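Each remark here refers to the structure printed beneath this line.
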Amino acid sequence: MMKPIAVRNLHNQVVHELGRLIVSGELKAGDSFPREELLAEQMNVSRTALREAMKVLSAKGLIESRQKTGTRVRDPMHWNQLDAEVLGWRCASMPTDSFVEKLVEMREIIEPAAAAAAARRRTTQQLAVLKDAYQAMEAATNLDAWAKADLAFHECLLQAANNELMSSLFSVIETALDTYFRLSAGNASNFNVALPQHLKVYEAVRGKQPDVARQAMMKLVRDSQDNIRRGAAKSPGKRK
């Protein structure tokens with residue numbers, strides 16, 4: 001299960017490999033790691049690099065070390081779920097239905113409020129940047145270009161809320177949102193089917209209509225959730 005690491009920046013590579021194994025479920029809660037010297041040998045890294053990697057994984061809440069029991073994988077309830085790397089590993093292993101539902105719930109709480117705040121507080125310059133993001137979505141000719149522009153639109157919206165606590169969330173959930181947008185657009189009849197609803201959000205922000213912006217964003221979130229649910233229903237092996 002442990003792959004030898006044979007690339008530069010061993011410390012980060014060990015963190016990535018072990019973190020991926022844990023978050024994907026290949027290493028389960030309660031599983032024990034081999035002794036330090038054996039694990040270092042299996043992964044073809046120095047014990048120093050391994051120790052540093054274990055410190056990082058411990059700080060993320062993925063593992064714990066005790067004198068008598070050694071190093072074990074912790075239950076997911078202890079993980080730092082908003083850590084950018086942890087989110088990235090979850091998305092890379094194909095998000096489960098339950099994870100997608102939780103992400104939708106988080107979006108329903110944050111993004112409609114952000115849209116309303118943006119409608120109240122956006123500057124002329126921020127509106128112009130939001131318009132650029134919308135136009136990039138409009139001009140997209142494939143899923144990759146659409147997903148990139150879609151992500152930029154939502155980032156601009158959070159920035160336009162002019163709430164540093166809210167806008168800082170984007171850097172945390174960026175990877176998860178990118179995966180979510182790709183799933184949603186990929187399961188829609190056309191990848192750009194949500195373009196009119198994005199325009200409604202933009203127009204409400206432009207017109208300084210907080211309630212309209214809130215409702216338009218809520219519908220956008222729920223429409224994308226429906227796209228993902230339809231895709232899951234069509235797939236033969238539904239994720240759990």
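The values are calculated or read from the model by the stated rules, or taken from the named source; none is laboratory data. Please read these numbers as outputs of a predicted model, since none were measured by experiment. Heads up, the Cβs are rebuilt from the backbone with ideal geometry, glycines too, and the neighbour counts pull from every protein chain shown. For the accessible areas, the whole protein counts, side chains as well, though only heavy atoms, and no ligand, DNA or RNA atoms are used. Shrake-Rupley method; radii C 1.70, N 1.55, O 1.52, S 1.80 Å.
Looking at this structure, is residue 211 within 17 Å of residue 147 (Cα to Cα) and charged (D, E, K, R)? Criteria not met by residue 211.
Among residues of segment 23-41 that are in contact (Cβ under 8 Å) with a residue 12 or more places away in the chain and within 16 Å of residue 93 (Cβ to Cβ), those with a Cβ under 7 angstrom from a residue that is among the small types (Gly, Ala, Ser) and surrounded by 15 or more Cβ atoms within 10 Å (Cβ to Cβ), sequence gap 6+ or separate chain, pair up as 23/93; 24/93. Scanning segment 30-51 for residues that are assigned to a loop (DSSP other than H, G, I, E, B) and open to solvent by 80 Å² or more (accessible area, probe 1.4 Å) returns 35, 44. Of the residues making up segment 19-29, those that are within 19 Å of residue 69 (Cα to Cα) and buried (at least 16 other Cβ atoms within 10 Å of the Cβ) number 2. Taking segment 76-100 as the range and being among the acidic types (Asp, Glu) and either within 23 Å of residue 55 (Cα to Cα) or free of Cβ contacts under 8 Å to residues at least 12 places away in the same chain (or both) as the test, the residues that pass are 83, 85.
For segment 69-114, a residue qualifies if it is more than 24 Å from residue 33 (Cβ to Cβ), in a helix (DSSP H, G or I) and either of a type in the set (Phe, Trp, Tyr) or open to solvent by less than 20 Å² (accessible area, probe 1.4 Å) (or both), and the qualifying residues are 91, 99, 100, 103, 104, 107, 111, 112, 114.
The residues of segment 144-153 that are open to solvent by 60 Å² or more (accessible area, probe 1.4 Å) and modelled with pLDDT of 90 or more amount to a single one, 148. Looking across segment 149-168, the residues that are closer than 14 Å to residue 194 by Cα and touching a residue at least 24 places away in the same chain (Cβ under 8 Å) come down to 150, 151, 153, 154. Listed by position, the helices (runs of 4 or more DSSP H) enclosed by segment 154-206 include none that has at least 3 residues that are surrounded by fewer than 16 Cβ atoms within 10 Å (Cβ to Cβ) and among the small types (Gly, Ala, Ser). Cβ separations smaller than 8 Å between residues 6+ apart or across chains give the following pairs from segment 206-226 residues that are touching a residue at least 24 places away in the same chain (Cβ under 8 Å) and more than 16 Å from residue 177 (Cβ to Cβ) to residues that are assigned to a helix (DSSP H, G or I) and β-branched (Val, Ile, Thr): 213/201; 213/205; 216/201.
Filtered by the rule that a residue be hydrophobic (A, V, I, L, M, F, W, C) and either part of a helix (DSSP H, G or I) or free of Cβ contacts under 8 Å to residues at least 40 places away in the same chain (or both), segment 52-68 gives 53, 54, 56, 57, 59.
Within this structure, residue 128 passes the test of being surrounded by fewer than 18 Cβ atoms within 10 Å (Cβ to Cβ) and not aromatic (Phe, Trp, Tyr).
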